[in-house]
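Input: a single structure, listed below in structure tokens.
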Amino acid sequence: MNQQEILNYKQAGKISIEIKKYARQLIKPGMPLLEIAQKIHKQIEKQGALAAFPVNLSVDDIAAHYHPTLEDETKAQGLLKIDVGISINGFIADTAFSMDLTPNQEHKELIKASEQALNNVLNSLKQNQDLTLNEIGETIQNTIEKKGFSPVINLSGHGLNKYEIHTSPSIPNYANGNNKKLEDGAYACEPFATTGIGKIYEGAPSNIFQIIEPKNTRSPTARKIFDYIWKKYKLLPFSLREIQEKFGSGTARIALKELEQAGITRNFAQLIEKSHKPVSQTEHTFIKKDNEIIVTTR
Ligand code: CO
């Protein structure tokens, strides 16, 4: 990773910190998720950045991958996860925090559990860059279990690459026995804590899409929409909501269905906790370079 790339990662991180601050002040119980999504999206573009993925606004047992459509009337409530992606020239900051919009004390403890797990990993990594993936996962698991909760074991952190949000390796949220160490590169670590059994399943479509195979399509409208997405996002995820705003609600739905059926895009599934218990999430992006750990998103 060269100096210019590091600067891009740092710039994306800096903007992500601003956006998280903005979101914290913006979000109030009962506010439509649609309004929150639209305002955060605008704020990201106002900062001269691109949303590396549509902001995830996931309530309670939905661990991740919720983004409202134009017709969605869901309100901010419960234990809300705000997962933000910022791209500067394809270099990504991926970061998340949780807000409790209820008086429930257990939610607060759940949020602390994922925060502490992440802090413990980052502090340990700063002292010893040679931690194995197993040791990172073990740190997360122990921290969360000590507070009486479970880590979500089939969600994990990941590597980051230019215009790529999920690259190997997976950074586990439990001791998974992988004795590999992190090489130099960019990574996202994202502990999830729950009062449930700690596993997620794939639920309804999220209406967060991604181009998986850029190729031609017959319908002129679908092609126009494809061109818009490809030019702006390449392989980064985008939302049905944005396409609805640009091209009209019904047109966007039909075109995205066509693109999906032609194998050009895919629709991510919502990730839901199996026992339908609330989930908290905290995430930071960091760079490992020459025995140094630089956290870009705090
Ligand atoms: Co992530």
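Summary of computed values
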read-out	value
Accessible-area composition of region 1-107, carbon plus sulfur, in percent [1.4 Å probe]	51 percent
For region 203-270, with +1 on Lys and Arg beta carbons and -1 on Asp and Glu, the positive-most of I254, L236, T217 along the dipole	T217
Carbon/sulfur fraction of accessible area - region 203-270, other protein chains in place, 1.4 Å, %	52 percent
Long-range amide H partners of S206 with built H, under 5 Å	F268, A269, Q270
Order by protection proxy (mean Cβ within 10 Å, highest first), peptides 212-218, 95-101	95-101, 212-218
Residue with peak Gaussian network fluctuation, the chain [Cα springs, cutoff 10 Å], from D61, D227, D94	D227
Cα shape, region 203-270, gyration tensor, a/c 1.5 rule	rounded
Computed label-point distance, nm, for sites K126 and K224 using a 7 Å Cα→Cβ extension	5.2 nm
Of K162/K199; K224/K257; K21/K277; K10/K246; K112/K146; K75/K108, those spanning more than 22 Å from alpha-carbon to alpha-carbon	K162/K199; K21/K277; K10/K246
Proximal aspartates and glutamates relative to K289, as straight alpha-carbon distance under 16 Å, when same-chain residues fewer than 8 apart are discounted	E5, D130, E183, D184
Radius 12 Å from Cβ of T102, net charge of other residues (Lys, Arg +1; Asp, Glu -1)	-2
Sequence-distant residues sharing a close amide H with A52 (under 5 Å, placed H)	G85, I86, S87
Extended-chain gain in nm, criterion 0.36 nm per residue less alpha-carbon gap, E202 and N291	28.3 nm
Solvent-accessible area per residue for the chain (1.4 angstrom probe, square angstrom)	43 Å²
In nm, spacing of pseudo-spin labels at E260 and K162 (7 Å Cα→C-beta vector)	3.2 nm
Whole-Hz ³J(HN,Hα) from phi, Karplus 6.51 cos²θ - 1.76 cosθ + 1.60, for region 71-77, glycine and proline x	8, 6, 10, 4, 9, 5, 6
Positive minus negative residues near E164 (Lys, Arg vs Asp, Glu; Cβ under 12 Å)	+1
Gain on full stretching of the segment that runs from K39 to N119 - 0.36 nm per residue minus C-alpha separation	25.9 nm
³J(HN,Hα), Karplus 6.51/-1.76/1.60, whole Hz, each residue of region 44-56, x for Gly, Pro	4, 5, 4, 7, x, 10, 10, 5, 5, 7, x, 3, 8
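The values are calculated or read from the model by the stated rules, or taken from the named source; none is laboratory data. Everything numeric in this text was worked out from a predicted model, so none of it was measured. Neighbour counts run over all protein chains shown; Cβ positions are idealised from the backbone, glycine included. Side chains included, ligands, DNA and RNA excluded: accessible areas come from the protein's heavy atoms. Shrake-Rupley method; radii C 1.70, N 1.55, O 1.52, S 1.80 Å.
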